[in-house]
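What follows is a short report on a single structure.
Every number here is computed from the coordinates shown, using simple stated rules; none is lab data. Everything quoted here is computed from the prediction, not taken from an experiment. Note: ideal-geometry Cβ built from the backbone for every residue, glycine included; neighbour counts use all protein chains shown.
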Amino acid sequence: MKALKKEADERLLVEAAQKDPARFADLYELHFERVYAYVVRRVQDRAESEDLTAEVFHQALANLKRFEWRGIPFAAWLFRIAANLISDRWQHSRREIVDDAAVSVSAQVEPEIEAVEKRATLFRLVETLPPEQRRVVVLRFAEQKSIRQVAREIRKTEGAVKQLQFRALTNLRARLEGADA
């Protein structure tokens with residue numbers, strides 16, 4: 001029953017945005033984290049991921065009038081746009097693609113939605129951590145700094161950084177398990 005209400009709500013948001021493009025902001029807010037997580041997982045470069053995510057929403061807004069509701073989540077359409085943009089970017093830059101998964105990105109949209117949802121949830125949960133824990137997580141995992149580098153940057157001992165990291169990860173694990181329940 002909950003899924004039907006969510007689908008109906010999303011359909012209403014899409015229809016409202018098709019009539020008034022200013023309402024697209026609601027769709028953007030609803031789907032930004034999932035689309036960003038989808039892109040960053042494939043591109044693995046923050047700046048390029050941000051650019052591609054912005055382009056996904058730009059194209060979605062530009063082509064919103066052509067979107068037809070067929071009972072498939074709006075996010076699937078956004079993922080398809082993202083997959084096409086990533087593919088175009090790779091072809092355009094003439095990089096040699098070794099990973100077969102990268103070649104068939106657009107064919108893999110459906111099976112990966114759950115992983116993207118988890119990653120988006122994780123992004124949201126990191127934002128809810130206490131400031132020091134959040135900073136350590138961002139420095140360690142987003143910026144890929146060593147314990148020593150983080151300790152220097154936040155002016156704490158390496159032991160304190162390890163403790164903050166441990167607490168943050170324990171917090172995130174508990175919150176993720178709570179989100180899955």
* Starting from the Cα-Cα distance between ASP9 and PHE123, subtract it from 0.36 nm times their residue separation and give me the gain in nm to one decimal. => 38.7 nm
* Asked: Among ILE86, ILE154, what is the fewest-to-most ranking by other Cβ atoms within 10 Å?
  -> ILE154, ILE86
* Just rank HIS31, HIS58, fewest to most, by other beta-carbon atoms within 10 angstrom. => HIS58, HIS31
* If you rank THR121, THR128 by fewest surrounding Cβ atoms within 10 Å, what's the result? -> THR128, THR121
